[in-house]
Amino acid sequence: MQQLDAKEKNHRQQGRERVEKQGQEHPEKPVKVWLLGASAGGLQAVRHFLSQITPRDDVAFVYAQHIAAQQMATLLKIIETHTGWPARVPSTGQLIKPGTVTVISSEFETRISKQGWVLRFASPWQGQYAPSIDQLANRLALLYRRDCGAIIFTGMGDDGARGCQAIKQFAGQVWIQEPSDCMVPAMPQAVTRRCKADFIGTVEELAKKFNTDVIQMEACSQ
């Protein structure tokens with residue numbers, strides 16, 4: 001993995017500091033919450049995606065990656081080192097934080113309460129997938145409705161497909177990585193069998209689309 005050049009690292013550090021300062025002054029809910037779901041090959045794809053998005057205080061990412069529990073610390077370090085985004089594994093009682101990548105534990109079952117609080121249990125995830133992208137998507141869709149979106153990246157299995165269907169039912173956005181761009185295309189393909197994706201693209205195209213939409217959102221709010 002290439003390190004960000006000095007100019008880009010400085011730019012992202014300034015964005016990160018601005019987010020932290022604004023978060024302290026205005027501890028509000030993010031305007032938009034995006035769930036990033038991935039499995040095999042996903043860490044590299046998500047890292048590359050986030051490295052092209054400047055940290056901002058009106059967006060929060062919730063990242064659910066199928067990964068061994070002992071690799072969680074490495075995942076956090078990679079996100080913070082190579083993207084400029086603050087990253088954390090949330091504890092019980094914390095809210096989804098704007099300007100931050102909230103990384104969901106693959107070891108302990110984690111839920112989002114009706115009030116938006118994180119509830120992390122001492123027990124392992126139930127079912128085939130850990131963490132469960134479907135479960136997280138369902139809860140985020142109920143909480144944030146049209147202000148919730150999901151991007152499903154490369155991965156094995158069909159986790160996330162049902163959750164994306166729920167997000168669509170609440171008028172949220174569902175994007176997927178172009179299957180031909182994936183290491184393993186099963187997860188994005190499973191989404192298309194459940195619902196119509198609002199956008200399909202390579203990791204580069206997903207990041208470009210995200211940045212364009214953020215600019216448009218800013219223009220509409222002014």
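We did not get these values from a lab; they are worked out from the coordinates using the rules stated. Just so it is clear, the structure is predicted and the values come from calculations on it, not from any experiment. Note that we place each Cβ from the backbone using ideal geometry, even for glycine, and neighbour counts take in every protein chain shown.
With a ≥ b ≥ c the root eigenvalues of the C-alpha gyration tensor of region 77-177, is it rounded (a/c under 1.5), prolate (a/b larger than b/c) or oblate? Rounded is the answer for region 77-177, as its axis ratio a/c remains below 1.5.
In this structure the amide hydrogen of Tyr63, modeled in the peptide plane, comes within under 5 Å of the amide hydrogens of Leu36, Thr102, Val103, Ile104, none closer than 5 places in sequence on its chain. Compactness check for region 127-195: Cα Rg over 2.2 N^0.38 Å is 1.02. Between Asp198 and Ala68, what is the FRET efficiency for a Förster distance of 41 Å, r being their Cβ-Cβ separation, to the nearest 0.05? Efficiency, rounded to the nearest 0.05: 0.80. For Val184, the residues whose amide H sits under 5 Å from its own are Gly155, ignoring neighbours fewer than 5 places away on the same chain, with H placed 1.01 Å from N.
If R0 equals 35 Å, the separation of the Cβ atoms of Arg88 and Glu205 corresponds to a calculated FRET efficiency of about 0.80.
Listed values for region 66-73 are Karplus-derived 3J(HN,Hα) couplings in whole Hz (6.51 cos²θ - 1.76 cosθ + 1.60, θ = phi - 60°), namely 5, 7, 5, 4, 6, 9, 4, 4, and x replaces Gly and Pro.
Summary value for region 30-221: 21 percent relative contact order, contacts being C-alpha pairs under 8 angstrom separated by 6+ residues. Plugging the Kirkwood radius over Cα pairs into Stokes-Einstein for region 88-139, at a temperature of 20 °C and a viscosity of 1.002 mPa s, what D comes out in µm²/s? Diffusion coefficient, whole number: 191 µm²/s. Once both labels are positioned 7 Å from their Cα atoms along Cα-to-Cβ, the gap between Gln44 and Thr81 label points is 1.7 nm.
Specify whether the C-alpha gyration tensor of region 30-221 places it in the rounded, prolate or oblate class, a ≥ b ≥ c being the square roots of the eigenvalues: rounded for a/c under 1.5, otherwise prolate if a/b is larger than b/c and oblate if not. Cα axes put region 30-221 in the rounded bin.
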